[in-house]
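Peer 1: The structure follows.
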Amino acid sequence: MKIFARPHVPHRLALALLGAALTLGAAGPTAAAAAPEPVRVLTFNLRNSKANDGDNAWEHRRESVVRVIASHPDGNGPYDFVGTQETVIAPDPGLDQRGFLAARLAGYAVIGRSRDKDPDAGEGMVLYYKKDRWRLDPKDNGTFWLSLAPDEPGSKYPGLRHARTAAYGLFHELDASGAPTGRKLYVYDTHLDHTSEPARQHGAKILMERVAARNDQTAPVIIMGDMNCGEKSAAIRYFQGEETQLDGAPVKSPLALVDTFRAANPKEKKVGTFTGFKAAGKEKIDFILASPELRTLSAKIIRTRRDDGGYPSDHFPIEAVLTWEK
């Protein structure tokens, strides 16, 4: 019988090969299990530029608004999504808040139209997103109306002076090379009515019906905006999955969302977000709500002042830093 001798491997080479094998073995699972980059979100009611606000007029505030957005949270990266409300869209560059911010926020793309029939004239919900990290799904984005005819531009809930809308999009995450990571999420930006409780309730119901019917049921959801109602209101309790009365009937939301601010600050008492350019009220009426699949890392109310001592807007913006739970 012929016996084959084992090939001789020098001691140093054997150690090197063993080290390389261990390194490769460790790198694979580690890379696969690497924590995803947090998702940084800001909601900001800008106060419309057409208001006669004297020293608080848009021309005196707009640079401070840019600074708030540019001074992103947690020191690790810019906001991924900025949802603005009362955003004026107009041909006059002095009034056009959507265009002003789009020009000043480098690296962001924008979606959102006017709430009125003319898409380029009036107030609207506008979403700015980091285009190097997120790709907007071209077939899954748009604006709908919180009315009895949600797909009819300019439609209003009965008795309202102004139309109310939500802008939304399905966003696909990209890695540093521009390739999809496979992670995705829906982002909605809205502004419920400030004069009518029935309209607020109806708006919340329409919004969640659209969320429940979204095309990609696997994608988590973020809803942000000025809700014009406090934490104990019917609309907010509905968003969070509690059974409540909406539109005169008992109803439970198809999806229970998490108030990200309360997830991070469960006992905070100083929560007023509307100031009217003066002292803040007691109610938190601005919210960032998220699916349970998104875990809140931090959240806060931003109380930055302008150089002249005034506020950037008549609402405090709210930020949240989130990550995927799984």
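We did not get these values from a lab; they are worked out from the coordinates using the rules stated. Keep in mind that what you see is a predicted model, and the values were worked out from it rather than measured. Counting neighbours? That spans all protein chains shown, and the Cβs are built from the backbone with ideal geometry, glycine included.
Peer 1: What aspartates and glutamates does LYS131 reach when the alpha-carbon gap must be under 17 Å and sequence neighbours fewer than 8 apart in one chain are set aside?
Peer 2: Reachable aspartates and glutamates: GLU37, ASP80, ASP140, GLU173, ASP175.
Peer 1: Quick one: net charge of TYR79's neighbours, Cβ under 11 Å, K/R +1, D/E -1? Write out the running numbers ahead of the final one.
Peer 2: Details: positive: ARG40, LYS130, ARG133; negative: ASP74, ASP80, GLU319.
Local charge sum for TYR79: 0.
Peer 1: Count the net charge of all other residues whose Cβ sits under 9 Å from the Cβ of PRO150, scoring Lys and Arg as +1 and Asp and Glu as -1.
Peer 2: Numbers: positive: ARG210; negative: ASP151, GLU152, GLU209.
Neighbourhood net charge equals -2.
Peer 1: Next up: Got the relative contact order for the chain handy, in percent, Cα pairs under 8 Å and 6 or more residues apart?
Peer 2: Working: 696 pairs, mean separation 52.8, N = 326.
16 percent.
Peer 1: Once phi is turned into θ = phi - 60°, what whole-Hz ³J(HN,Hα) does the Karplus curve with 6.51, -1.76 and 1.60 give for every residue of segment 88-102, x standing for Gly and Pro?
Peer 2: Karplus values, whole Hz, x for Gly and Pro: 6, 10, 7, x, 6, x, x, 9, 6, 6, 4, x, 4, 5, 4.
Peer 1: Output the relative contact order of segment 231-326, whole-number percent, from Cα pairs under 8 angstrom with separation of 6+ residues. Walk me through the intermediate numbers first.
Peer 2: Values: 172 pairs, mean separation 22.9, N = 96.
Computed value for segment 231-326: 24 percent relative contact order.
Peer 1: Ok, one more. Go through segment 48-144 and name the trypsin sites (Lys or Arg not before Pro) that are in a DSSP coil and have 16 or fewer other Cβ atoms within 10 Å of their Cβ. Walk me through the numbers on the way to the answer.
Peer 2: On the way: sites: LYS50, ARG61, ARG62, ARG67, ARG98, ARG104, ARG113, ARG115, LYS117, LYS130, LYS131, ARG133, ARG135, LYS139; in loops: LYS50, ARG113, ARG115, LYS117, LYS131, ARG133.
Here the sparse-neighbourhood loop sites are LYS50, LYS117, LYS131.
Peer 1: So, one more: Would you mind ranking ASP308, ASP216 so that the residue whose beta carbon has the fewest other beta carbons within 10 Å leads the list?
Peer 2: On the way: ASP308 10, ASP216 13.
Listing ASP308, ASP216 from fewest to most nearby Cβ atoms yields ASP308, ASP216.
Peer 1: Report, to one decimal in Å, the Kirkwood hydrodynamic radius for segment 204-283 based on all distinct Cα pairs. Please list the in-between numbers first.
Peer 2: Values: mean 1/r = 0.0707 Å⁻¹.
By the Kirkwood definition, the hydrodynamic radius is 14.1 Å.
Peer 1: So if I take the centroid of the Cα atoms in segment 248-307 and the same for segment 61-108, what is the distance between those two points in Å?
Peer 2: 20 Å
Peer 1: Sum -39500 (n - 2.57) across every DSSP H segment of at least 4 residues in the chain, then divide by the residue count to get the 222 nm mean residue ellipticity, nearest 500. Can you show the working numbers first?
Peer 2: Working: 6 runs with 71 residues, N = 326.
Mean residue ellipticity, 222 nm, calculated: -6500 deg cm²/dmol.
Peer 1: Between their Cα atoms, which of LYS205/LYS300; LYS156/LYS252; LYS269/LYS300; LYS267/LYS300; LYS278/LYS300 are more than 22 Å away from each other? Intermediate values should be presented prior to the final figure.
Peer 2: Values: LYS205/LYS300 27 Å; LYS156/LYS252 24 Å; LYS269/LYS300 12 Å; LYS267/LYS300 13 Å; LYS278/LYS300 20 Å.
Pairs exceeding the cut-off: LYS205/LYS300; LYS156/LYS252.
Peer 1: With loop defined by DSSP as not H, G, I, E or B, and exposure as at most 13 other Cβ atoms within 10 Å, which is the longest segment of the chain clear of exposed GluC sites (Glu not before Pro)? Intermediate results must be reported in sequence, preceding the final value.
Peer 2: Working: sites that count: GLU242, GLU243, GLU268, GLU325.
Excluding the exposed sites themselves, the longest stretch runs over 1-241.
Peer 1: In addition: In what sequence do THR260, THR165, THR181, THR218 fall when counting other Cβ within 10 Å, fewest first? Write out the running numbers ahead of the final one.
Peer 2: Numbers: THR260 26, THR165 29, THR181 12, THR218 7.
Going from least to most buried by this count: THR218, THR181, THR260, THR165.
Peer 1: Give me the net charge of ALA249's neighbourhood, meaning all other residues with Cβ under 13 Å from the Cβ of ALA249; Lys, Arg count +1, Asp, Glu -1.
Peer 2: Details: positive: LYS205, LYS252; negative: GLU243, ASP247.
Net of charged neighbours comes to 0.
Peer 1: Moving to a separate point now. With unit charges on the beta carbons (Lys and Arg positive, Asp and Glu negative) and the dipole taken about the Cα centre of the chain, which residue among GLY124, LEU170, ALA263 sits farthest to the positive side?
Peer 2: With unit charges placed on the Cβ atoms, the residue in question is ALA263.
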